[in-house]
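Inspection log for the structure reproduced underneath, given as structure tokens.
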Amino acid sequence: MNFLELPKVELHCHLDGSVRVETVMDIAQKEGLQLPSFDKKELQNELIAPLDCESLEEYLKRFSLPNSVMQSRESLKRITFELFEDASRENVKYMEVRFGPLLHTLKGLDVEEVIESVIEGMKEAESCYDIKGNIILSCLRTMSVESAFEVVEKGKKFLGKGVVAIDLCASEEEGFCERFVEPIALAKEYGYRVTIHAGETGIGKNVLEAIEMLGAERIGHGVFIKDCAEAYREVKERQVVLEMCPTSNVQTKAVQHFSDHPIYKFHKDGIKVTISTDNRTVSNTTMSKEIHLVNKEFNLSEEDYRRIYSNSVEASFADQKTKDWCLAKF
């Protein structure tokens with residue numbers, strides 16, 4: 001199969017983990033920001049996490065540098081546009097991009113301006129390329145519950161205008177769901193769809209709680225349901241979709257090697273899996289690379305790929321018209 005030519009759908013991609021290295025340098029120069037280096041190769045070492053990271057925490061350290069150049073409307077719009085542009089070049093037809101609005105308010109932007117800028121970048125890319133998208137607002141588990149309420153409230157006016165869902169991300173501790181029951185319940189009341197990062201770092205029970213306490217429709221990663229029979233059963237029976245990111249999962253040590261990744265076992269057992277990059281820059285990857293990796297390890301048939309693609313379309317938070325458009329591309 002020629003993976004570059006196949007249509008693709010990406011449901012799990014972080015904006016701040018997918019900034020072009022050249023763009024980081026360019027914005028820093030324009031805004032007079034200090035970088036560890038203005039040499040592209042040296043800067044890549046700062047932005048790309050190694051395959052042998054020790055943990056999720058080490059991986060997450062790569063995000064502070066791109067965030068420093070994502071503090072103006074112009075930069076946010078540009079970086080979003082470029083991400084959709086890059087995705088369109090490898091035949092991604094639909095993409096959901098997530099980001100934490102509160103991370104981009106350090107130089108005076110308010111949350112609404114941040115969200116608006118990202119939507120503008122996406123809409124501009126949609127007008128230039130054969131790609132469609134939506135935005136997911138991430139609340140950081142390392143921040144207060146009040147901050148999650150703030151994101152839910154301020155993002156509400158953009159629902160149906162580019163924003164589709166709410167997410168919880170960042171470091172994963174056991175039992176985090178309980179703290180966020182109220183803001184996520186309010187989000188659902190307003191009409192947000194729900195996807196939650198869970199089961200990325202050895203705690204399969206978090207997936208179970210994300211579904212039962214928070215009403216998660218999709219799970220970011222979900223690798224560790226393999227070690228929690230109850231979570232596995234719940235995901236399978238309820239057909240909760242897993243947004244899986246193989247390279248990232250090796251980097252964060254969710255799995256030790258690509259061959260250990262449970263994505264294909266899950267798929268063959270009737271669990272709905274999707275393939276995503278997580279972070280194009282931090283993981284030094286693309287959708288084509290991720291699909292190629294899964295194929296190399298597990299020898300995907302065309303029918304396997306077709307099922308993963310149609311599962312991704314159906315699991316997306318797009319409207320029916322967009323889903324039909326994506327399905328017609330295959």
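The values are calculated or read from the model by the stated rules, or taken from the named source; none is laboratory data. These numbers come from a predicted model, not from an experiment. Neighbour counts are summed over all protein chains in view; Cβ atoms, including those assigned to glycine, are modelled from backbone coordinates with ideal geometry.
Observations
- Candidates Ser75, Ser68 - the one that is within 30 Å of Ala318 (Cβ to Cβ), more than 19 Å from the chain's Cα centre (by Cα) and in contact (Cβ under 8 Å) with a residue 40 or more places away in the chain: Ser75
- One residue alone among Ala216, Ala229, Ala198, Ala170 is small (Gly, Ala, Ser) and over 17 Å from the mean Cα position of the chain (by Cα), and that residue is Ala229.
- Condition broken by Ser147, with the remaining ones in (1) farther than 30 Å from Lys205 by Cα; (2) small (Gly, Ala, Ser); (3) assigned to a helix (DSSP H, G or I) satisfied: (1)
- Some residue of the stretch 170-177 being modelled with pLDDT under 95, surrounded by fewer than 20 Cβ atoms within 10 Å (Cβ to Cβ) and either closer than 26 Å to Leu109 by Cα or touching a Gly at 6+ places or on another chain (Cβ under 7 Å) (or both): yes
- Residue, farthest from the chain's Cα centre (by Cα), within the stretch 86-124, restricted to residues that are part of a helix (DSSP H, G or I) and hydroxyl-bearing (Ser, Thr, Tyr): Ser117
- Test for Tyr190: is it among the aromatic types (Phe, Trp, Tyr), touching a residue at least 12 places away in the same chain (Cβ under 8 Å), closer than 22 Å to Ser316 by Cβ and in contact with a Ser or Thr (Cβ under 8 Å, 6 or more places away or on another chain): no
- In summary, Val164 fulfils each of the numbered conditions (1) crowded, with 22+ Cβ neighbours inside 10 Å; (2) in a helix (DSSP H, G or I) with the single exception of condition (2).
- Evaluation of Asp39 against (1) among the acidic types (Asp, Glu); (2) farther than 24 Å from Ile219 by Cβ; (3) touching a residue at least 40 places away in the same chain (Cβ under 8 Å) (one fails), failing number: (3)
- From the list Leu60, Leu102, Leu83, Leu76, the lone residue that is surrounded by fewer than 21 Cβ atoms within 10 Å (Cβ to Cβ) and touching a helix residue (DSSP H, G or I) at 6+ places or on another chain (Cβ under 8 Å) is Leu102.
- When Val282, Val240, Val250 are screened for being surrounded by 20 or more Cβ atoms within 10 Å (Cβ to Cβ), under 19 Å from Leu208 (Cβ atoms) and either at pLDDT below 95 or not charged (D, E, K, R) (or both), only Val240 passes.
- The residue list Asn2, Asn45 contains one member that is without any contact (Cβ under 8 Å) to a residue 24 or more places away in the chain and not in a helix (DSSP H, G or I), which is Asn2.
- Inside the stretch 311-330, residues that are without any contact (Cβ under 8 Å) to a residue 24 or more places away in the chain and basic (Lys, Arg) make up a count of 2.
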